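Enquirer: Got a structure here, written out as structure tokens. Questions coming.
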Amino acid sequence: MKIGVLKADDVRPELVDHFGEYPEMFREILLAADPNVEIISYEVMSGEYPSDIDEVDGYVITGSKLSVYDDVDWIKQLGQFVQRLHQAKKKLVGICFGHQMVAHFLGGRTEKSDNGWGVGVHRSEFTEAAVKYGEAGSTFNLVCSHQDQVVEPAPSSVVLASSDFCPFSMLQIEDHILTLQGHPEFKREFSRSLLELRREVFGESRYEQGLESLAHATDAYQVGKWMTDFISSEVP
């Protein structure tokens, strides 16, 4: 199975030597889920896209420091590609920025949250619609790092999970698009490094809260399995 990672950001220079770039982070969790996965990275910030959308079996959109509503040419181009994938019913998984982009460019809305920054490990609770992933009321943990949120999901979206901080933390559109606000690719050590680098931006109380939350284990590898199963059309 081939998965195309649509790379929408660069890891900060002071962290890249230790943690790698975002496609490498995704490669680790996706290979753990399916050792036969082949990862192909596309530098969408530079306008790099597959010559044929069927070049891979499905796509993953990474996080980004930018916002999906920013007036930036490559973001608009990526939004148009998302619309094209949706029309073709091509498998797509959106993470953080990718989650927000799917909503924003398919008829929903993303905006800066009144709750401020969401950082550290967040717990999401499944709805009754998430029967393929877990029982209603059961939970999963993922590292989060976001200021924007989906405030209106795209038409046809089904809410699979929500958290106290983020009402739409996991969404699905029909059988071909799955999106999550949390970061399965982020190790807690990477999140800790981001917290340190952005401490002044987050403010002391949010920084301390985020740091304390990192004591909780995440379900990153389970989510990686959901992603490979979803793209390969297997039932999780």
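Quick note: the coordinates plus some simple rules give every number you see, no bench work behind them. Here the structure is a predicted model, which means the values were calculated and not measured. Cβ placement follows ideal geometry from the backbone for every residue including glycine, while neighbour counts extend to all protein chains displayed.
Enquirer: Once whole DSSP H runs in the chain are found, which of them have Cα atoms spread over 20 Å or more along the helix axis and a mean Kyte-Doolittle score of at least -1.0?
Expert: Going by DSSP H runs, the hits are 73-88.
Enquirer: If you don't mind, another one. What FRET efficiency comes out for residue 109 versus residue 84 if R0 is 30 angstrom and r is the Cβ-Cβ distance? Round to the nearest 0.05.
Expert: For residue 109 and residue 84, the calculated efficiency is 0.90.
Enquirer: Gain in length, residue 14 to residue 136, computed as 0.36 nm per residue apart minus the alpha-carbon separation, to one decimal in nm? Present the calculation step by step, with values, prior to reporting the outcome.
Expert: Working: separation 122, 0.36 × 122 = 43.92 nm, distance 4.08 nm.
Once the chain is fully extended between residue 14 and residue 136, it gains 39.8 nm.
Enquirer: For region 2-232, give the magnitude of the charge dipole about the Cα centre (Cβ charges: +1 Lys/Arg, -1 Asp/Glu; no others), in debye to the nearest 20. List each step's numbers first, then the result.
Expert: Values: 21 positive and 37 negative charges, 51 e Å.
Computed about the Cα centre, the dipole is about 240 debye.
Enquirer: Next question. Which whole-number percent is the relative contact order of the chain (Cα, under 8 Å, 6+ apart)? Please report the intermediate quantities before stating the final value.
Expert: Working: 471 pairs, mean separation 49.8, N = 236.
RCO, the chain: 21 percent.
Enquirer: Another question, if that's okay. Quickly work out the residue 77-to-residue 36 label distance, labels modelled 7 Å from Cα along the C-beta direction, and quote it in nm with one decimal.
Expert: Between residue 36 and residue 77, the label points sit 3.4 nm apart.
Enquirer: Taking amide hydrogens as modeled 1.01 Å from N in the peptide plane, which residues meet the under 5 Å criterion relative to residue 41, leaving out close sequence neighbours?
Expert: Excluding prolines and chain starts, which carry no amide H, the hits are 5.
Enquirer: So if the hydrodynamic radius of region 99-177 is defined as the Kirkwood radius over C-alpha pairs, what does Stokes-Einstein give as its diffusion coefficient at 20 °C and 1.002 mPa s, in µm² per second? Write down the numbers at each step before the final one.
Expert: Numbers: Rh = 12.8 Å.
Taking Rh from Cα pairs, D becomes 168 µm²/s.
Enquirer: What order do you get for 121-133, 168-180, 13-25 when each peptide is scored by the mean count of other beta carbon atoms within 10 Å, highest first?
Expert: Packing order, densest peptide first, comes out as 168-180, 121-133, 13-25.
Enquirer: Could you tell me the distance between the Cα centroids of region 124-173 and region 38-99, to the nearest Å?
Expert: Taking the Cα centre of each part, region 124-173 and region 38-99 sit 21 Å apart.
Enquirer: Of the beta bridges DSSP finds with both residues in region 2-232, what % are antiparallel, to the nearest 5?
Expert: Around 60 percent of the beta bridges assigned by DSSP in region 2-232 are antiparallel ones.
Enquirer: So between residue 28 and residue 200, what do we pick up on full extension, going 0.36 nm a residue minus the alpha carbon distance?
Expert: Working: separation 172, 0.36 × 172 = 61.92 nm, distance 3.07 nm.
Residue separation times 0.36 nm, minus the Cα-Cα distance, leaves 58.9 nm.
Enquirer: Where in region 1-37 does the amide nitrogen come within less than 19 Å of the point 7 Å from the Cα of residue 53, taken along Cα to Cβ?
Expert: Residues 2-8 fall inside that zone.
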